[in-house]
Amino acid sequence: MSKKVVTSQINEVNRISSGTQYWGEMISNTDIRIDGYFEGKIVTEGKLVVGETAKVIGVAIADTCEMWGEFKGELMVNNYFGLHQSGLFNGNVACQKIFIDEGGNYSGSCRIISEGEFEKRIKEESIPKNKGSQ
């Protein structure tokens, strides 16, 4: 009998399209792209992209984050946080590296963290491996 193996697809992305509104919690081990409205909590071991038409309110934890749209709340990033020219950030960010393009609007605080601090937080926030597989 063969063993069933589940693997992530390369370039696999969870997406909330423009015109879509979502309230709740999203936890993933792959990239997330938001172009619509999201209010709640996002936890991903991948990249979070906030597109130009996006508005995100809440808490987000991601490996990296690129922002062209609007974000209000708390953001924790393992690697880098990039705020692009059309981006609007209002809140608190904790990351290892940050860059803000000319024209990017940043209002809030920034705290530089270690990789260990991020790893501890993402373990606290992630779904246990057996939850949801009933």
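Quick note: the coordinates plus some simple rules give every number you see, no bench work behind them. These numbers were taken from a predicted model, which means no experiment stands behind them. Ideal geometry is used to build each Cβ from the backbone, glycine not excepted, and the neighbour counts take in all protein chains shown.
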Need one number: nm distance between label points at Thr53 and Glu102, each 7 Å from Cα along Cα→Cβ, rounded to one decimal.
2.9
J(HN,Hα) series, segment 74-88, from Karplus relation 6.51 cos²θ - 1.76 cosθ + 1.60, nearest Hz, glycine and proline x:
10, 10, 10, 10, 5, 9, 9, 10, x, 9, 8, 3, 8, x, 10
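Counting only C-alpha contacts under 8 Å and six or more residues apart, can you give the relative contact order of segment 13-118 as a whole percent?
17
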Set the Förster distance to 30 Å, then compute FRET efficiency between Arg111 and Gln21 from the Cβ-Cβ distance, nearest 0.05.
0.45
So, in nm, how far is label Thr30 from label Glu119 when the simple model puts each one 7 Å beyond its Cα toward the Cβ?
2.6
Fewest-first sequence of Glu125, Glu25 by Cβ atoms within 10 Å of each Cβ
Glu25, Glu125
With axes computed from alpha carbons, what is the tilt in degrees of helix 115-125 against the longest principal axis of the chain, rounded to the nearest 10 within 0 to 90?
60
